[in-house]
Amino acid sequence: MSSPTGPANGLPVRMPRPRQTGRHRRPEPAVAPEGAPALVLAVPGAPSAASRGLAEEIISIGRSELPGLDARLGFLEGAEGSEFPSLSGVLDAVARERAERAEYARAAGHEVPAPTGPDAVVVPLLAGPDADLLRRFRQALMDSSAAAELADVLGPHPLLAEGLHVRLSEAGQARADRARLFSVTTAADGIIVATTGGEEAVQAAAVTGMLLAARLAVPVKAAALDQEGSVAAVAEQLRLEGSTQLALAPHLIGPEAAEGLLDTACKEGDCVAAEVLGAYPALGKLAVAQYSAALGLSQGAAAH
């Protein structure tokens, strides 16, 4: 049975180590600079308690990666005054609060430098590029009063390949750890990495799929969930190349996928499916990495 944050019986969970002392100690973790822009995690899809819980978990991991980070959630289809605040509304609030802090400091007699950089960096909660959703995210930024910057999506990335591996292992379709070399008689010998969002999204999924193939040593091909016949065609290619048991690995976090899409694809391809990435812990790390990259911050720079 899978869990929202990592493997139940899959890859081992890496726990934080005690701080070392002496000349071999590790550097202190980065800290968000004072007055740094907010990180607003942009959640696509119809808002729900499940998508909010997933996004909150990713945000929590992000805050642990960069202490002091002002991190918030904004829903692409949210509404003002609801439990699912809209992305543009959250950005308006960030800009308003930043201006109020500066005004309060001036009233207290403090010298307040002119603001530099954006009010917020918006990180799309997407594993790969989705042209339509990214257009709508940009429109939400334009509709707000904030000076905001849109960061890159989270993938392709080796950590996403790791997440797909974990989800496949949870579904009994891949060995959890090659080093242990235990056999899984039901393991798939061909993987379809499937996504939504058009051709560019499929290309990104294919890159992550190459990284997954290196981990599993089985053929991996990418397909479009939202293109009729794509999964079936890729499944046929894999079978022609010798694969007999196929598994579908969704290159999706979850909220961006329409309900029933995976079930339909599995029927078309006659394959079993792993779960979506969900709140896999590495996603919080990737969100902070994209935030830092948008601001031009390195680990060392962020610490200061």
Task: So ALA8, is it touching a Ser or Thr at 6+ places or on another chain (Cβ under 8 Å), exposed (fewer than 15 other Cβ atoms within 10 Å of the Cβ), modelled with pLDDT under 55 and assigned to a loop (DSSP other than H, G, I, E, B) - done: yes
Task: Condition met for ASP226 (under 18 Å from ALA127 (Cβ atoms) and touching a strand residue (DSSP E or B) at 6+ places or on another chain (Cβ under 9 Å)) - done: yes
Task: Search result, residues across region 216-256 that are within 30 Å of GLY53 (Cα to Cα), over 20 Å from the mean Cα position of the chain (by Cα) and surrounded by fewer than 24 Cβ atoms within 10 Å (Cβ to Cβ) - done: GLN227
- [ ] Starting from residues that are at pLDDT below 95, among the aliphatic types (A, V, I, L, M) and over 14 Å from ALA249 (Cβ atoms), keep the ones in region 181-203 and report whichever is surrounded by the fewest Cβ atoms within 10 Å (Cβ to Cβ).
- [x] LEU181
Open item on the list: Go through region 134-151 and report how many residues are open to solvent by less than 20 Å² (accessible area, probe 1.4 Å) and closer than 18 Å to PRO85 by Cα.
Closed with: 4
- [ ] Mind listing just one residue for me: the one in region 152-180 that is buried (at least 18 other Cβ atoms within 10 Å of the Cβ) and basic (Lys, Arg) and, of those, farthest from PRO47 (Cα to Cα)?
- [x] ARG175
TODO: Run down LEU150, LEU134, LEU160, LEU141 and say which single residue is within 17 Å of ALA279 (Cβ to Cβ) and among the aliphatic types (A, V, I, L, M).
DONE: LEU160
TODO: Working only within region 151-173, note down all residues that are within 19 Å of SER88 (Cβ to Cβ) and touching a Leu at 6+ places or on another chain (Cβ under 6 Å).
DONE: none
Task: Selection status of SER82, out of contact with any helix residue (DSSP H, G or I) (no Cβ under 7 Å at 6 or more places or on another chain) and modelled with pLDDT under 95 - done: yes
Task: Output for region 231-280, where each listed residue is among the β-branched types (Val, Ile, Thr) and in contact (Cβ under 8 Å) with a residue 60 or more places away in the chain - done: ILE253, VAL272, VAL276
Open item on the list: Quick check on this structure: which one of ALA206, ALA214 is at pLDDT below 95, assigned to a helix (DSSP H, G or I), out of contact with any His (no Cβ under 8 Å at 6 or more places or on another chain) and more than 30 Å from ALA147 (Cα to Cα)?
Closed with: ALA214
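The values are calculated or read from the model by the stated rules, or taken from the named source; none is laboratory data. Worth saying up front: this structure is predicted, and the values here are computed from it rather than measured. Cβ sites come from the backbone with ideal geometry, for glycine too, and all protein chains shown count toward neighbours. Each accessible area value is taken on the protein alone, full model and side chains, heavy atoms only, with ligands, DNA and RNA left out. Shrake-Rupley method; radii C 1.70, N 1.55, O 1.52, S 1.80 Å.
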